[in-house]
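For reference, the structure discussed in these notes is given below.
Please treat every number below as a calculation from the coordinates, not as lab data. The structure displayed is predicted, hence computed values, not measured ones. Here the Cβ is made from the backbone with ideal geometry for all residues, glycine too, and neighbour counts use every protein chain on show.
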Amino acid sequence: MSSIKKISSEQLRVGMFLHDLDCGWMEHPFLRNRFLIKSEDQIQRVIQAGIHDVYIDTAHGLDAANAPTAEEVREQIERQMVEVAARQVATPIRVSLAAEMGRAREIKDQASRLVRTVMRDVRLGKAVEMEQVEPVVQSITESVLRNDSALLTLLRIKNKDDYTFLHSVSVGTLLVAFCRGVGIDDETTRLAGLGGLLHDTGKALVPDEILNKPGRLTDAEFEVIKRHPRDGWDILCRSPEIGAIPLDITLHHHERVDGSGYPDKLAGDGISTLAKMAAIVDVYDAITADRCYHKGMPATDALRKLYEWSKFHFEPTLVQAFMRCVGIYPVGTLVRLESGRLGVVVAPHPENLLTPQIKVIFSTKSQAYVTPYLLDLSRPVGAGGADRIVGHEDPAAWKIDTMRVLETHTG
C-alpha cells in the first residue's frame, strides 16, 4: 500500500509529513514542497494560502484515517478524464500538420520577437503599439484555424532564455484555440488572443533577478511578482484602442474561483468567463514548461492536475471543455499502447479524443525501435486499428525525440 495519501488541509496535524502541497509551484509561500509539519502556524499558512488539499507521506510522519492513496486518487481522476474525453468533439482541420508546421514556426518566431519588443518598450516607458500587435494575433488565429496542433506543439518547447516571451505566445495561442473550441465568436476570440499575448506585460517591471530566480521566491519577492497583473493593466490602459477584454484578461488571469487568487480576490461569477479561461491556459502552459528550477510535466499529467484543482480553483466545466479542446493526449504526446508498443500522437480524431492517429516507433517488449507505421485507433480490427492507448510516457526516459517524429511525419 502506498504511503502517499491525499487529505484536506483542515485534516493536517503537527507530526504529519507534507509530500506535495497540490497546487501550482508558484502559488504557495513555502521554500520547499516537502517538509515535516512542526507547528500549528505552518498549518495555518497552508490554509491561508488557499490550499484546500495536500498529499502526506505516512512513511515519514503521522497517518490519516480513511484517506485515499495517491494511486487511488490518480485512477479515479483518469477514469473521469476518459469519460470527459469520450464525449464527442468537432474540430475540423483544414490542412495537415506537415503543411502547417513551416508557417507555424515562422509565426512562433515572429510572435516571440514581438513580445520581446513590447517588454523592452515598456521598460523604456513607452506605450504598447497596437498596430504592431494586431497582425501577429491575426497570424496566430489563422494558423489555429488551419491546424491548431502545429503552433501549439511547437510552443511546448521553450528554453529558459525565451520562456517569458514564449509563455505569452502560448497563452495567446491556447486562448484562441480554447475560444474556437467552445464556439465563441470571431471578434471575441481575436480580443481574447490579444489579451493572452499581452497578459504578462506587467512582468516587464519585475526585476530580472526575481523573474528569473533559479529557486523558490521569498514572501517579499512573491509580493513583487503579484503586482504584475495590476502593472500590466496600467500599462495597457495607455493604449486607448486596447479594449475591455484584453484589459480584463491581463488584470484577472490570476484570480481563482474560490477567491484565493490575486490581485482582487474575486470569486465565482465575479470573474469573467474569458478571465477564467485565461487562468486555465496560463497554469497549463506554466506547469508543462521546463524551467531551470522546475521540470515541466507531460501535457496529460498537467490536464489531470487542472482537473484535480478545478474542485476549488477553476471552473470545472471550463476545465473539461479545455481538455476536449487540446485532447487528453495532445499531438506530440508519447503514448503506450495495449500491445506494448510506443507511438507519438500525430493527429487527433475529429470526434473522439481517445482514438487519435499514432506514429508507432518502438516496442517495449523487444526494447527496440520498429519500422515506423501509422496507426489510426478509430479503425476496426484488420483495417489498421484495433490497439488502444493505456497511458502516456516520458519521452526522455525512452530517449525519444517526439518533435523529430512529428517533423518527419508527412501524413
Which of 40, 71, 308 moves the most in a Gaussian network model of the chain with Cα springs under 10 Å? 40
Comparing 104, 70, 279, which has the greatest mean-square fluctuation in the GNM of the chain with Cα pairs linked when under 10 Å apart? 70
Rel. contact order, % - alpha carbon contacts under 8 angstrom, at least six apart, the range 4-68: 53
Going residue by residue through the range 196-210, the Karplus relation 6.51 cos²θ - 1.76 cosθ + 1.60 with θ = phi - 60° gives ³J(HN,Hα) values, rounded to whole Hz and with x marking Gly or Pro, of x, 5, 9, 4, 9, 3, x, 5, 4, 8, 7, x, 4, 5, 8
What is the sum of charges around residue 17, taking Lys and Arg as +1, Asp and Glu as -1, for the other residues whose C-beta is under 15 Å from the C-beta of residue 17? +2
Assuming 1.002 mPa s and 20 °C, estimate D for the range 4-68 with Stokes-Einstein, Rh taken as the Kirkwood radius over Cα pairs, in µm²/s. 187
Computed FRET efficiency, Cβ-Cβ of residue 403 and residue 3, R0 45 Å: what is it to the nearest 0.05? 0.75
For peptides 46-54, 393-401, sequence by mean Cβ density within 10 Å, most packed first: 46-54, 393-401
At R0 = 22 Å, FRET efficiency that the Cβ-Cβ distance of residue 186 and residue 132 yields, to 0.05: 0.55
Using modelled backbone amide H atoms (1.01 Å from N, in-plane), which distant-in-sequence or interchain residues come within less than 5 Å of residue 376's amide H? 358
If you add up the charges near residue 396, with Lys and Arg at +1 and Asp and Glu at -1, over every other residue whose beta carbon is less than 14 angstrom from its beta carbon, what do you get? -1
Förster radius 45 Å - calculated FRET efficiency between residue 162 and residue 13 (Cβ-Cβ, nearest 0.05): 0.55
Pairwise centroid distance, computed over Cα atoms, of the range 42-57 with the range 111-187, Å: 35
Find, among the trypsin sites (Lys or Arg not before Pro) in the range 286-377, those assigned to loop by DSSP (not H, G, I, E, B) with at most 15 other beta-carbon atoms within 10 angstrom. 295, 311, 365
List the GluC sites (Glu not before Pro) within the range 183-267 that DSSP assigns to loop and that have no more than 12 neighbouring Cβ atoms inside 10 Å. 241
Let me know the Kirkwood hydrodynamic radius for the range 334-408, please, with Cα pairs as the basis and the value in Å to one decimal. 12.4
Which ³J(HN,Hα) values, rounded to whole Hz and listed in residue order, are derived for the range 327-342 from phi using the Karplus coefficients 6.51, -1.76 and 1.60 in 6.51 cos²θ - 1.76 cosθ + 1.60 with θ = phi - 60°, glycine and proline given as x? x, 6, 10, x, 3, x, 6, 8, 10, 9, 9, 4, 6, x, 8, 10
Measuring from centroid to centroid over Cα atoms, what is the spacing of the range 233-250 and the range 279-336 in Å? 27
Taking a quarter of the surface of the Cα convex hull of the range 237-279, what do you get in nm²? 2.8
Cut-off 13 Å between beta-carbons: net charge of the residues surrounding residue 116, Lys and Arg +1, Asp and Glu -1: 0
Nearest 20 debye, what's the magnitude of the dipole of the range 97-326 about its Cα centre given +1 on Lys and Arg Cβ and -1 on Asp and Glu Cβ? 640
Protection proxy ranking of 9-18, 142-151, 196-205 - average other beta-carbon atoms within 10 Å, highest first: 196-205, 142-151, 9-18
With a 10 Å cut-off between alpha carbons and a GNM built on the chain, which of 191, 337, 166 moves the most? 337
Can you work out the Karplus-derived ³J(HN,Hα) for every residue in the range 55-71? Use 6.51 cos²θ - 1.76 cosθ + 1.60 with θ = phi - 60°, whole Hz, and x for glycine or proline. 10, 10, 10, 6, 6, 10, x, 5, 8, 10, 5, 6, 7, x, 6, 4, 5
